[in-house]
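Comments concern the structure below.
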Amino acid sequence: MGITQCNIAHALEKTKYPDSDIYWKKFDEKYHFSCQFTADIIAMNNADFIITSTYQEITGSKNTVGQYESHTAFTLPGLYRVVHGIDVFDPKFNIVSPGADMSIYFPFTEKDKRLTALHGSIKSLIYDPEQNDVHIGHLDDRSKPILFSMARLDRVKNMTGLVEAYSKNAMLRSLVNLVVVAGYNDVKKSKDREEIAEIEKMHELIKTYNLFGQFRWISAQTNRARNGELYRYIADTHGAFVQPALYEAFGLTVVEAMTCGLPTFATLHGGPAEIIEHGISGFHIDPYHPDQAAILMADFFEKCKQDPNHWVKISDRGLQRIYEKVYMEDLLREVDDTGWGLWLLEVRFEAREAGD
């Protein structure tokens, strides 16, 4: 039909669920991995070009497997074996990283731009002792910094994993309060099986580890302007942001938090490993080793308690890292505007026609 096909496989699941190919039969009724992996292989190979968010998404790193790379060779026991699923060095791969809207997400130090009219509602969102379908849990010590996270409430985003890691580390609990924005807090409001399981798990963690007074669970927030100011409000407490996903293709909330000046801890599995330079502009954490992640966060806040300039240093370096990446992406777009992009597109179509 002569239709140009683009593949944007942000939801490739193989790397998000370890060994999902080997144990596909066990999970097929729930996740339909056999159908999904087959469709993904067909789609990516028939596409004229592929858009990805990061290099990690394509080939991973020396320690991690990329989302597309995981489709190079794999086996679904009893069904089929893939020996050359995708060429990760094919020029049809393009990296187009999303970014944060700088009119909404900007440093907390830019006082003249701050949305101070929202501070009353944000303060209530975090500290109001009322328990309802918007927020549950309360914070007894408001002088503590806030460890903050915001994501969907599903297994891969690993929000319950973060809460459990925090719960088990007495030092971290003594140093900071934990505030998460995630999904619903009432199972009756969700129709998603995985989210319902995570809601139930979250409630169980609150009871098991007696998190009352140290933990606040806020339901999903859709007001982007207020979310931007929420990041900055957390920064005012000299808190930090954590992105604990089992796998994250890009990590938009990581960019948003760093742009607002929040020191950030993020999963080393996926895009955040490219965004953050560990120990310099933020910190990598391994969600499969939550105890070590909690120790790293506790050590950071203890060091900040002893030396407040340490918080400022990581905050500033995070901002610098974001600005560097934005500058480089703008520069590459200028190069692309010279015609190189069109030349590459012609090469790709010529290669396709030769294959036909």
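Computed quantities for the displayed model
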quantity: Listing of strands (runs of 3 or more DSSP E) fully contained in the range 1-106 that carry 3 or more residues being of a type in the set (Val, Ile, Thr); calculated: 49-52
quantity: Selected residue (only one of Asp140, Asp112, Asp133, Asp186 is without any contact (Cβ under 8 Å) to a residue 40 or more places away in the chain and of a type in the set (D, E, K, R)); calculated: Asp112
quantity: Hey, Tyr55 of a type in the set (Phe, Trp, Tyr), farther than 20 Å from Asp154 by Cβ and crowded, with 20+ Cβ neighbours inside 10 Å or not; calculated: no
quantity: Selected residue (criterion: surrounded by the most Cβ atoms within 10 Å (Cβ to Cβ)) from residues of the range 58-86 that are among the charged types (D, E, K, R) and free of Cβ contacts under 8 Å to residues at least 12 places away in the same chain; calculated: Arg81
quantity: Any hit, the range 48-67, residues being at pLDDT 90 or above and more than 18 Å from Phe250 (Cα to Cα); calculated: yes
quantity: Residue pairs meeting the criteria (Cβ under 7 Å; at least 6 apart or on separate chains; first under 18 Å from Gly137 (Cβ atoms) and free of Cβ contacts under 8 Å to residues at least 60 places away in the same chain, in the range 193-208; second in a helix (DSSP H, G or I) and not hydrophobic (A, V, I, L, M, F, W, C)); calculated: Glu198/Thr160; Lys201/Thr160; Met202/Thr160; Leu205/Thr160; Leu205/Glu164; Leu205/Ser167
quantity: Count of residues meeting criterion [assigned to a helix (DSSP H, G or I), among the hydrophobic types (A, V, I, L, M, F, W, C) and under 15 Å from Lys305 (Cβ atoms)] in the range 165-182; calculated: 3
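The values are calculated or read from the model by the stated rules, or taken from the named source; none is laboratory data. These numbers were taken from a predicted model, which means no experiment stands behind them. Cβ sites come from the backbone with ideal geometry, for glycine too, and all protein chains shown count toward neighbours.
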